[in-house]
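The values are calculated or read from the model by the stated rules, or taken from the named source; none is laboratory data. Remember, predicted model here, so these are calculated numbers, not experimental data. Neighbour counts are summed over all protein chains in view; Cβ atoms, including those assigned to glycine, are modelled from backbone coordinates with ideal geometry. Areas reflect the complete protein model, heavy atoms only, side chains present, ligands, DNA and RNA absent. Shrake-Rupley method; radii C 1.70, N 1.55, O 1.52, S 1.80 Å.
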Amino acid sequence: MFEALVTVVRVRVDLWRHRHDALRKIVVSNAARFPEPKAADRGTLAEISWAVAAAARLVPQATCLTQATSGQLLLARRGIDSTVRLSLPMGGGEFRPHAWLISDNIIVLGGTRAEFARHTLLKNMTAFSQGEARP
């Protein structure tokens, strides 16, 4: 939990300072320490999901992007590939982008499969691969 809290605080501060490119470099450099991504086991994904969500409750304005990026960084440190997917809800209405964390076709953070299905892709940001995640 402590690692997640420190990570969420760091990511939140970097996003507040508009240092998203620096965050992406940190994620990719952590992933680059591993020659190939490890398989994501459900236990690790659940642990990261819980820890980031719990830490985010303690950090002001820890948005979905803060949480998804924090989770991706924690997974990259463990050699597990993931994708932060930025999306928009379909059907018009107000402009409310949303961030999801997906690993091995499992939604780790961001919502349910039903909610995910009602969104359209804006951008994928991966740690290891350049492919598009599809849960």
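With respect to the conditions (1) open to solvent by 40 Å² or more (accessible area, probe 1.4 Å); (2) touching a Phe, Trp or Tyr at 6+ places or on another chain (Cβ under 8 Å); (3) closer than 20 Å to residue 31 by Cα, residue 67 lacks only one, and its number is (2). Using the structure shown, decide if residue 47 is free of Cβ contacts under 8 Å to residues at least 40 places away in the same chain, among the charged types (D, E, K, R) and farther than 18 Å from residue 2 by Cβ. Answer is no for this residue.
Among the residues making up the stretch 73-87, those that are within 10 Å of residue 103 (Cβ to Cβ) and not acidic (Asp, Glu) are 75, 80, 82, 83. One residue is enough: does the stretch 87-101 have a residue meeting the conditions in contact with a Lys or Arg (Cβ under 9 Å, 6 or more places away or on another chain), open to solvent by less than 70 Å² (accessible area, probe 1.4 Å), within 13 Å of residue 125 (Cα to Cα) and aliphatic (A, V, I, L, M)? Within the stretch 87-101, one or more residues are in contact with a Lys or Arg (Cβ under 9 Å, 6 or more places away or on another chain), open to solvent by less than 70 Å² (accessible area, probe 1.4 Å), within 13 Å of residue 125 (Cα to Cα) and aliphatic (A, V, I, L, M). When you scan the stretch 35-51, do you find a residue that is assigned to a helix (DSSP H, G or I) and surrounded by 24 or more Cβ atoms within 10 Å (Cβ to Cβ), even just one? Yes - at least one qualifying residue is present in the stretch 35-51. Within the stretch 64-98, the set of residues being over 23 Å from residue 3 (Cβ atoms) and under 9 Å from the mean Cα position of the chain (by Cα) comprises just one member, 85.
If you go through the stretch 109-128 and pick out every residue that is surrounded by fewer than 17 Cβ atoms within 10 Å (Cβ to Cβ) and not charged (D, E, K, R), you end up with 7.
Here residue 79 clears all of (1) at positive phi; (2) loosely packed, with under 15 Cβ neighbours inside 10 Å; (3) touching a residue at least 40 places away in the same chain (Cβ under 8 Å) except the condition numbered (2). Of all residue pairs spaced 6 or more apart or on separate chains, those with beta-carbon atoms under 7 Å, a first member in the stretch 13-37 that is within 12 Å of residue 69 (Cα to Cα) and a second member that is modelled with pLDDT under 90 and surrounded by 14 or more Cβ atoms within 10 Å (Cβ to Cβ) are 14/23; 27/127; 28/127. Among the residues of the stretch 55-102, not one is of a type in the set (Phe, Trp, Tyr), under 20 Å from residue 44 (Cβ atoms) and assigned to a loop (DSSP other than H, G, I, E, B). Taken over the stretch 13-34, the criterion of being buried (at least 18 other Cβ atoms within 10 Å of the Cβ) and among the small types (Gly, Ala, Ser) is satisfied by 31 alone.
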